[in-house]
């Protein structure tokens, strides 16, 4: 469970999200949606402990695993698929400690689950976009965290990879884990996420996915694009 208590976060010296309050319940899946510049990635990084808070508090008693956007990964880094999966053990064992048989078996199982066993010794720079994302999900499986923070995990994937990763999201939730993902495809959100947070600098709506998406579509229909413009960004530019 993660609770936001009047959370404010700055990005590049400007307030990106303000006065966020609410709870991501244990064992539930939540999609974070909103316009570009709404603060979605900023919020996710703050929950992962990668950005400081300007004010407020984030209460997160459980370990979290964070998956940034694919564009943040250096594909030229000299690492194999197996080494990428194994790096999920670093938080438990330390980056420089020799990994034991248990960690290696866990990574091998994760790669098998993601259909990547035959590519284990391939450099990550040679993978397709879908293969790379499956390898990054294998790393998350090795991390074995109760809370998963995922930034655009399904964007620009081939259908087979997308379906496999959607199944993994469902499996994590069935296993009692908390899944929080920044999403753009509202059709996927409506079919696969319990709750939705509509963010545009501040919380526009947060609750059961059908209710939030219906409210968002109705608001856009009545007022054009009001929900899809971050008022904090407008204030910063004025």
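Coordinate-derived values only; no laboratory data. This one's a predicted model, so the numbers in the text were calculated from it and none came from an experiment. When we count neighbours, we look across all protein chains shown, and the Cβ atoms used for this are built from the backbone with ideal geometry, even at glycine.
May I ask you to list the residues of the range 164-182 whose amide nitrogen lies under 18 Å from a point 7 Å from Cα along the Cα→beta-carbon direction of residue 72?
179-182
Just need the relative contact order of the chain here, percent rounded to a whole number, with Cα pairs under 8 Å and 6+ apart.
Details: 431 pairs, mean separation 66.5, N = 238.
That works out to 28 percent.
Ranked highest first by average number of other Cβ atoms within 10 Å, how do 127-134, 209-216 line up? Walk me through the numbers before you get to the answer.
Working: 127-134: 19.1, 209-216: 16.8.
Result, highest mean Cβ count within 10 Å first: 127-134, 209-216.
Once you have the Cα-Cα distance between residue 167 and residue 1, take 0.36 nm times their residue separation minus that, and quote the gain in nm to one decimal. Before the final figure, lay out the partial values.
Values: separation 166, 0.36 × 166 = 59.76 nm, distance 2.17 nm.
Full extension from residue 167 to residue 1 adds 57.6 nm.
By how many degrees, between 0 and 90 and to the nearest 10, does the Cα long axis of helix 129-143 differ from the longest principal axis of the chain?
80 degrees
How far is helix 209-223 tilted off the main Cα axis of the chain, in degrees rounded to 10, range 0 to 90?
Result, in degrees: 40.
Please give the calculated 222 nm ellipticity per residue for the chain, where each DSSP H segment of at least 4 residues contributes -39500 (n - 2.57) and the sum is spread over every residue; nearest 500 deg cm²/dmol? Please report the intermediate quantities before stating the final value.
Values: 9 runs with 91 residues, N = 238.
Result for the chain, helices only: -11500 deg cm²/dmol.
What spacing in nm lies between the two simple spin-label points modelled at residue 53 and residue 25, each 7 Å away from Cα in the Cβ direction?
Taking the two extended label points, one gets 2.3 nm.
For the range 68-145, what does the alpha-carbon gyration tensor say about shape, rounded, prolate or oblate, given a ≥ b ≥ c as the root eigenvalues, a/c under 1.5 as rounded, and a/b over b/c as prolate?
Prolate, because a/c is 1.5 or more and a/b exceeds b/c.
Only Cα pairs within less than 10 Å get springs; with that Gaussian network setup on the chain, which residue of 176, 88, 34 has the largest fluctuation?
In the Gaussian network model the winner is 176.
Would you calculate the separation in nanometres between label points at residue 62 and residue 90, each defined as 7 Å from the Cα along the Cα-to-beta-carbon direction?
In this crude label model, residue 62 to residue 90 measures out at 2.4 nm.
Using Cα atoms only, what is the angle between the long axis of helix 101-113 and the major principal axis of the chain, expressed in degrees (0 to 90) to the nearest 10?
Once rounded, the angle reads 60 degrees.
Using DSSP, restrict attention to beta bridges with both residues in the chain and report what percent are antiparallel, rounded to the nearest 5.
Details: 18 of 35 bridges.
Rounded to the nearest five, the antiparallel share is 50 percent.
In whole percent, what relative contact order does the range 68-145 give with Cα contacts below 8 Å and a gap of six or more residues? Before the final figure, lay out each step's value.
Values: 81 pairs, mean separation 37.0, N = 78.
Answer for the range 68-145 is 47 percent.
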